[in-house]
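The values are calculated or read from the model by the stated rules, or taken from the named source; none is laboratory data. Keep in mind the model is a prediction, meaning the values are calculated, not measured. Every residue, glycine as well, gets a Cβ built from its backbone with ideal geometry; the counts of neighbours run over all protein chains shown.
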Amino acid sequence: MRFLTKLISVLGLSLAVCAQVLGGEVLDRVMGNKVLVMSTDAEYPPQSSLNENNEFIGFDIDVGKEIAKRLGVGIEFVTPSWDVITAGKWAGRWDVSVGSMTPTAKRREVLDFPAIYYYTPASLVVHKDNASIGSPADASGKNIGVAVATTYESYLKKDLVIDAEGAPGFEYQINDAQIRTYDVDNLALDDLRLGDGVRVDAVVTALPTIMDSIKNGYPLKVVGDPLFLEPLSVAIDKGDAEWGAKLTEIVQAMHDDGTLSKFSEKWYDADLTK
Amino acid sequence: MQWVTIALVAAVAVVNIWLIVKFPFQLQVLIAWLELLALFLVFFWSFDLSYEYIWSRLRFLLGLGLQNGFLMGAALTLFICIVAILASTFIALIAALGRLSDNGVAFGVSTFYTSFFRGTPLLLQIMLIYLGLPQLGIVITPIPSAIIALALCYGAYSAEIFRAGILGVPVGQTEAARAIGLRDAKIMRLVVLPQAMKLIVPPLGNQFIAMLKDSSLVSILGAWELMYMARTHGRAEFKYIEMLIAAALIYWIMSMVFETAQARVENYYRKGDQR
């Protein structure tokens, strides 16, 4: 019996220790190990994907490498799935997510967003044979595909709250969408390419992703102007203000000296960082 | 016109079967396999796939080379499965003995374990182990999480297979062993288990082939096994189907190797039946 009480108290104690993230802990770990561990979802070209040598390439990858360089450390990538990243409670498995994440109010409950590094337009896309959807409002009540746990899904559900300073406003143009969720955005585009209305009538996703798929021969077309502009931020686990401040400082410097604009031109053929 | 085509195809199929059955059995099997395989290939051929793309990324799917100093692709899938198979067999044997034991605690622990791990989805167990253990302060990386989840899940199923195998050995065997003065542990090890194995091996082999494919579920943790490599490289240049078909063929070939291994082990334990 005494053993049991001891065991329970030891377990309780270790839980309490774990729950408490100490200030500066992540920063100390990164500087101590001389390596920045960054999570990335390699299923999102042109942000992050694997090239023919099995190496990571993309806008997010370049930004992550630059951050590591300015910290004076090396970089390592880990590849948990998107919902594992957005769930928070990283337990020190990785230090930062440079994953084009929109700071929403719900995500802010489990993550911190120290630095916005660019803005991506979200657009509605249809099959090129489609004649009935001429503007986003025409997509009301239609079957629309989105990736699960994304801002695009929140937009269709009308519970999108972008929680960042200087985020441009937007209005909901699509009503009562029949939402079909997918594991990743590209799977929704794969279904859309099968034909107009075969599985979905339209898809909402990032404009760069759409343009990349069209470049690769997908028979799709963008509808109207972007639905909203989402600020995309570097994300860290909750509770380490020093680490956040360091990232804010580095990313601000990358904004100021034009490094981010250069990366953006390279991957998106446009400066999306302003 | 359509009817003519259908009639023609049907006629060819009938003549084909009529011709094949004239051959000896082994040859019939071989021809049937080859013909189905050819149809299969024609089916994929019609997709107009980019074979250069498959070829250029095949070595990553197969896992030739290292990623961050560790295995990847099919090699990692095999590694995860083999470790999980060994662990699950051990767990299953313990759980089966617990289930057959007179000790109430052992019985309770064993039934609770099999009930939970057979009663929840493997995908959920993988997530629970990967995300849940860090809450207790135990932070493990994706590959150990995957191995633990697969071993525990398949251990629970295999426990039932072991139990059935042990119960399938006639009680007379135990009685006879006791009559010549063997102790319980020795009876189990020397008399019952060797005879139980021939009942256990076929369904156990089945489990392992199933595990080989279920290991694809751990791709959600970002372990760079075959399914993960196929998905990620498929995404890179919008060549998803290409990578999925290549991965399917690799899984299939690996399963065939497992099947062959199972047949050999089965033959070994059936030596007692040969006269």
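Among the residues of the stretch A:53-89, those that are within 26 Å of B:G65 (Cβ to Cβ), in contact with a Leu (Cβ under 8 Å, 6 or more places away or on another chain) and more than 14 Å from every other protein chain (Cβ to nearest Cβ) comprise A:G64, A:A68, A:V73. When the helices (runs of 4 or more DSSP H) confined to the stretch B:66-144 are screened for residues that are within 16 Å of B:A210 (Cα to Cα) and out of contact with any Gly (no Cβ under 8 Å at 6 or more places or on another chain), those reaching at least 2 such residues are found at B:73-99, B:122-127.
Quick check, is B:M227 touching a His at 6+ places or on another chain (Cβ under 6 Å) and within 14 Å of chain A (Cβ to nearest Cβ)? Walk me through it before giving the result.
On the way: touching a His at 6+ places or on another chain (Cβ under 6 Å): no; within 14 Å of chain A (Cβ to nearest Cβ): yes.
In short, no.
Scanning the stretch B:1-52 for residues that are at pLDDT below 90, under 26 Å from B:M227 (Cα atoms) and either surrounded by 10 or more Cβ atoms within 10 Å (Cβ to Cβ) or of a type outside the set (A, V, I, L, M, F, W, C) (or both) yields B:F40, B:L41, B:F44, B:W45, B:S46, B:F47, B:D48, B:L49, B:S50, B:Y51, B:E52. Taking first residues from the stretch B:236-247 that are more than 12 Å from every other protein chain (Cβ to nearest Cβ) and partners that are surrounded by 19 or more Cβ atoms within 10 Å (Cβ to Cβ) and of a type in the set (G, A, S), the Cβ contacts under 8 Å between residues at least 6 apart in sequence or on separate chains come to B:E242/B:G234; B:A246/B:A230; B:A247/B:A230.
The single residue among A:Y155, A:Y172 that is free of Cβ contacts under 8 Å to residues at least 24 places away in the same chain, in contact with a Phe, Trp or Tyr (Cβ under 8 Å, 6 or more places away or on another chain) and not acidic (D, E) turns out to be A:Y172.
Residues in the stretch B:48-98 that are charged (D, E, K, R) and at positive phi: how many?
We begin by selecting, within the stretch B:48-98, every residue charged (D, E, K, R); these are B:48, B:52, B:57, B:59.
Among the residues that remain, those that are also at positive phi are: B:48.
Qualifying residue count, the stretch B:48-98: 1.
Among helices (runs of 4 or more DSSP H) entirely within the stretch A:53-125, having at least 3 residues that are within 14 Å of the chain's Cα centre (by Cα) and buried (at least 21 other Cβ atoms within 10 Å of the Cβ) singles out A:59-71, A:82-86.
Test B:G73 against the stated conditions and say whether it is modelled with pLDDT under 95, within 11 Å of chain A (Cβ to nearest Cβ) and under 21 Å from B:F208 (Cβ atoms).
Working: modelled with pLDDT under 95: yes; within 11 Å of chain A (Cβ to nearest Cβ): yes; under 21 Å from B:F208 (Cβ atoms): yes.
Yes; evaluated as a whole, the condition is true for this residue.
Taking the stretch B:45-64 as the range and being part of a helix (DSSP H, G or I) and in contact with a helix residue (DSSP H, G or I) (Cβ under 6 Å, 6 or more places away or on another chain) as the test, the residues that pass are B:Y53, B:I54, B:R57, B:F60, B:L61, B:L62.
Specify the residue that is surrounded by the most Cβ atoms within 10 Å (Cβ to Cβ); the eligible residues are those in the stretch B:97-122 that are of a type in the set (D, E, K, R) and touching a residue at least 12 places away in the same chain (Cβ under 8 Å).
Let us first name the residues in the stretch B:97-122 that are of a type in the set (D, E, K, R), namely B:99, B:102, B:118.
Among the residues that remain, those that are also touching a residue at least 12 places away in the same chain (Cβ under 8 Å) are: B:99, B:118.
Working: B:R99: 20, B:R118: 12.
The residue in question is B:R99.
Restricted to the stretch A:148-254, the set of helices (runs of 4 or more DSSP H) holding at least 1 residues that are in contact with a Gly (Cβ under 7 Å, 6 or more places away or on another chain) comprises A:185-193. Could you go through the stretch B:61-84 and let me know if any residue there is touching a residue at least 60 places away in the same chain (Cβ under 8 Å), polar (S, T, N, Q) and surrounded by fewer than 22 Cβ atoms within 10 Å (Cβ to Cβ). Looking through the stretch B:61-84, at least one residue is touching a residue at least 60 places away in the same chain (Cβ under 8 Å), polar (S, T, N, Q) and surrounded by fewer than 22 Cβ atoms within 10 Å (Cβ to Cβ). Looking for something within 24 Å of the chain's Cα centre (by Cα) and over 30 Å from B:A185 (Cα atoms) - is there at least one such residue anywhere in the stretch B:82-103? Checked against the condition, which is being within 24 Å of the chain's Cα centre (by Cα) and over 30 Å from B:A185 (Cα atoms), the stretch B:82-103 yields no hits at all.
Assess whether B:I80 counts as being in contact with a Ser or Thr (Cβ under 9 Å, 6 or more places away or on another chain) and either within 14 Å of chain A (Cβ to nearest Cβ) or over 30 Å from B:G234 (Cα atoms) (or both). Criteria not met by B:I80.
To keep it simple, each residue is scored yes or no on (1) over 28 Å from B:M256 (Cβ atoms); (2) within 14 Å of chain A (Cβ to nearest Cβ); (3) without any contact (Cβ under 8 Å) to a residue 40 or more places away in the chain.
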site: B:P134; (1), (2), (3): yes, yes, yes
site: B:A146; (1), (2), (3): no, yes, no
site: B:A151; (1), (2), (3): no, no, no
site: B:G155; (1), (2), (3): no, no, no
site: B:A159; (1), (2), (3): no, no, no
site: B:I166; (1), (2), (3): yes, no, no
site: B:D184; (1), (2), (3): yes, no, yes
site: B:G205; (1), (2), (3): no, no, no
site: B:S219; (1), (2), (3): no, yes, yes
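Collect the residues in the stretch A:130-147 that are assigned to a helix (DSSP H, G or I) and surrounded by 18 or more Cβ atoms within 10 Å (Cβ to Cβ), keeping them in residue-number order.
Keep residues of the stretch A:130-147 that are assigned to a helix (DSSP H, G or I), which gives A:136-139.
Answer for the stretch A:130-147, where residues must be assigned to a helix (DSSP H, G or I) and surrounded by 18 or more Cβ atoms within 10 Å (Cβ to Cβ): A:P136, A:D138, A:A139.
Can you find even one residue in the stretch A:22-33 that is within 12 Å of another protein chain (Cβ to nearest Cβ) and either at pLDDT below 95 or in a helix (DSSP H, G or I) (or both)? Talk me through it step by step, then tell me what you get.
Here is the first cut: in the stretch A:22-33, the ones within 12 Å of another protein chain (Cβ to nearest Cβ) are none.
No, the stretch A:22-33 contains no residue that is within 12 Å of another protein chain (Cβ to nearest Cβ) and either at pLDDT below 95 or in a helix (DSSP H, G or I) (or both).
The set of residues from the stretch A:199-234 being crowded, with 22+ Cβ neighbours inside 10 Å, within 12 Å of another protein chain (Cβ to nearest Cβ) and not hydrophobic (A, V, I, L, M, F, W, C) comprises A:T209, A:D212, A:S213.
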